[in-house]
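The values are calculated or read from the model by the stated rules, or taken from the named source; none is laboratory data. These figures come from a predicted structure and were not determined experimentally. For neighbour counting, all protein chains shown are included, and Cβ atoms are generated from backbone atoms with ideal geometry for every residue, glycine included.
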Amino acid sequence: MIYDTAMIDSTTLGKLRSGMRIRVMEKTQEGDKLRFSPFEGTVLAIKHGRGVTATMTVRNIVAGIGVEKVYPLHSPLIKKVEILQTPKKFRRAKLYYLRGVSRKEARRKLGATQTTETQKT
């Protein structure tokens, strides 16, 4: 069974916001094997507050194609979330306009700074 009580810890959940570059380790089960697959991307939006129904949208460009995944914040399928970069400046809660710009332009707009913070659950 791949479900257990591991979810995003409360300190990471409190720091999570739009514009951050994060790595999500999600649990996947292939046959009888359990493995963890990382998905790294930019948080475009956090919806429905921080409650049980809250979700976050993470976007990355894979092989030239934009891929967006929507994760429930309190999902037992998320093992951990690592915060890779935090934005210096942003003025919007929903960053859907980043869908239409290149990766280089998105970095310039967000003014991201590197951080070494890693949060585990």
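Using the structure shown, decide if residue 64 is of a type in the set (Gly, Ala, Ser) and under 17 Å from residue 99 (Cβ atoms). So residue 64 passes the test. The condition (being part of a strand (DSSP E or B), modelled with pLDDT of 80 or more and out of contact with any helix residue (DSSP H, G or I) (no Cβ under 7 Å at 6 or more places or on another chain)) is satisfied by just one residue among 80, 104, 94: 80. The residues of the range 14-44 that are buried (at least 18 other Cβ atoms within 10 Å of the Cβ) and either polar (S, T, N, Q) or more than 13 Å from residue 82 (Cα to Cα) (or both), listed by number, are 18, 19, 42, 44. Restricting attention to the range 51-72, the residues that are surrounded by 13 or more Cβ atoms within 10 Å (Cβ to Cβ) and either among the basic types (Lys, Arg) or touching a His at 6+ places or on another chain (Cβ under 9 Å) (or both) total 4.
What about residue 98, is it of a type in the set (A, V, I, L, M), buried (at least 18 other Cβ atoms within 10 Å of the Cβ), out of contact with any strand residue (DSSP E or B) (no Cβ under 6 Å at 6 or more places or on another chain) and on the phi < 0 side of the Ramachandran plot? Yes. State whether one or more residues within the range 50-62 are touching a residue at least 40 places away in the same chain (Cβ under 8 Å), of a type outside the set (S, T, N, Q), closer than 17 Å to residue 25 by Cβ and part of a strand (DSSP E or B). The answer is yes, given that some residue of the range 50-62 is touching a residue at least 40 places away in the same chain (Cβ under 8 Å), of a type outside the set (S, T, N, Q), closer than 17 Å to residue 25 by Cβ and part of a strand (DSSP E or B).
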